[in-house]
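Report on the structure given below.
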Amino acid sequence: MLITSWFDDPRFETRDLDVLGYCDLGAEPVKAGANIFRRLCRFSHQPIVLVMMCCDPVVVRAQATEGGIVMDNQHLVPAAVLAAKNGVRFPNESEAYRSARDALLAEEIELRRHIERVARQRRALPPGGEVTKDYRFEGSDGPISFSELFADKETLIVYSYMFGPQRERPCPMCTSLLSAWDGEVPDIQQRAALAVVARSPIEKLLAFKKERGWHHLPLYSDMTDDYSRDYHAIGTDGGDGAAFNVFTRRDGTIRHFWSQEMGEVTADPGEDPRGAPDLMPLWTIIDSTPEGRPADWYPKLSY
């Protein structure tokens, strides 16, 4: 939950807090802010953030715990101030362009900070459900168990590839994503184990890997469908569904850590039901263009 209040500008003072029904902070914002944290934390075990813009901006974080409230301060320069310090200029640009670009830069800085906040909140998740089944797969070197996919790592990333037995050719969107990932696999494997799982026979997967020119992606066949069914890679109609799951192994216990859960239900009107963070580098690049990502265009297996 993010609450933002501007204490140095009476036009905005406690606006968000008042909307939520909390009292005016008065002359001692830090003390009053702590009181508000205590009230909020009665109802939430999620991290709560209060951004106080005084002479020196301070981000105060509070986490409800059984022992009370844990708070820490982090000094951040306002995004608009950082943008104004940027100083970048390009040939023949107008003042109108520079003003709009600096405003956009401030938003981009805020986006970066929000991405970091979300990542911290993700890392702070309580332990997920224990994985009690040792799922079986078929890899390029033969049968392999789920626990063996970890190799020597404590974290395992599993991408469920929409290339099931009912498909003659794989999902173009999945394929585009994996093509971008292929060159990153050696880097990813420095930090975590990676497995790309599909429901087609391993021979079919390896043949397409060769056709596509992939070098590093570790492909595995889920021939029993057990893993795919348990971790939401099979749709309600029995067809393929893309899924991205992260697992941990700590002290011999394997648990689910996080999954990309955004989809049709969480999509905004007129937008593709993509996740955040968006796992496809393609869209990040397209989003930087004047045209942006078109609503009616998707990558193909060939052009």
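The requirement of being within 18 Å of Pro281 (Cβ to Cβ) and either part of a loop (DSSP other than H, G, I, E, B) or open to solvent by less than 50 Å² (accessible area, probe 1.4 Å) (or both) is fulfilled somewhere in segment 106-120, by at least one residue. Tell me which residues, restricted to segment 157-196, are charged (D, E, K, R) and more than 17 Å from Gly213 (Cα to Cα). Once the filter is applied, which keeps residues that are charged (D, E, K, R) and more than 17 Å from Gly213 (Cα to Cα), segment 157-196 yields Arg167, Glu168, Asp187, Arg191.
So that you can scan it fast, the table gives a plain yes or no per residue for (1) surrounded by fewer than 14 Cβ atoms within 10 Å (Cβ to Cβ); (2) more than 30 Å from Phe150 (Cβ to Cβ); (3) more than 22 Å from the chain's Cα centre (by Cα):
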{"site": "Asp225", "(1), (2), (3)": "no, no, yes"}
{"site": "Tyr231", "(1), (2), (3)": "no, no, no"}
{"site": "Phe247", "(1), (2), (3)": "no, no, no"}
{"site": "Ile254", "(1), (2), (3)": "no, no, no"}
{"site": "Trp258", "(1), (2), (3)": "no, no, no"}
{"site": "Asp278", "(1), (2), (3)": "no, no, no"}
{"site": "Thr284", "(1), (2), (3)": "yes, no, no"}
{"site": "Glu291", "(1), (2), (3)": "yes, yes, yes"}
{"site": "Asp296", "(1), (2), (3)": "yes, yes, yes"}
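Which residues, taken from segment 132-151, are more than 22 Å from the chain's Cα centre (by Cα) and touching a residue at least 24 places away in the same chain (Cβ under 8 Å)? Residues satisfying the conditions are Lys133, Tyr135, Arg136, Phe137, Glu138, Gly139, Ser140, Ile144, Phe146, Ser147, Leu149, Ala151. One residue is enough: does segment 158-166 have a residue meeting the conditions surrounded by 13 or more Cβ atoms within 10 Å (Cβ to Cβ), out of contact with any strand residue (DSSP E or B) (no Cβ under 6 Å at 6 or more places or on another chain) and not aliphatic (A, V, I, L, M)? Yes, segment 158-166 contains at least one residue that is surrounded by 13 or more Cβ atoms within 10 Å (Cβ to Cβ), out of contact with any strand residue (DSSP E or B) (no Cβ under 6 Å at 6 or more places or on another chain) and not aliphatic (A, V, I, L, M). Where residues in segment 207-223 are among the hydrophobic types (A, V, I, L, M, F, W, C), open to solvent by less than 60 Å² (accessible area, probe 1.4 Å) and part of a loop (DSSP other than H, G, I, E, B), which of them is farthest from Glu184 (Cα to Cα)? Per the stated criteria, the residue is Trp214.
Can you find, within segment 191-206, the residue that is nearest to Phe150 (Cα to Cα) among those that are within 20 Å of the chain's Cα centre (by Cα) and assigned to a loop (DSSP other than H, G, I, E, B)? If we take residues in segment 191-206 being within 20 Å of the chain's Cα centre (by Cα) and assigned to a loop (DSSP other than H, G, I, E, B), then Ala192 is nearest to Phe150 (Cα to Cα). Residues of segment 233-245 that are open to solvent by less than 60 Å² (accessible area, probe 1.4 Å) and not small (Gly, Ala, Ser): Ile234, Asp240, Phe244, Asn245. Across segment 182-202, a minimum of one residue is classified as of a type in the set (D, E, K, R) and open to solvent by less than 20 Å² (accessible area, probe 1.4 Å).
The values are calculated or read from the model by the stated rules, or taken from the named source; none is laboratory data. The structure presented is a predicted model; accordingly, all values stated were derived computationally and were not measured. Positions of Cβ are backbone-derived with ideal geometry, glycine not excepted, and every protein chain shown enters the neighbour counts. Each accessible area value is taken on the protein alone, full model and side chains, heavy atoms only, with ligands, DNA and RNA left out. Shrake-Rupley method; radii C 1.70, N 1.55, O 1.52, S 1.80 Å.
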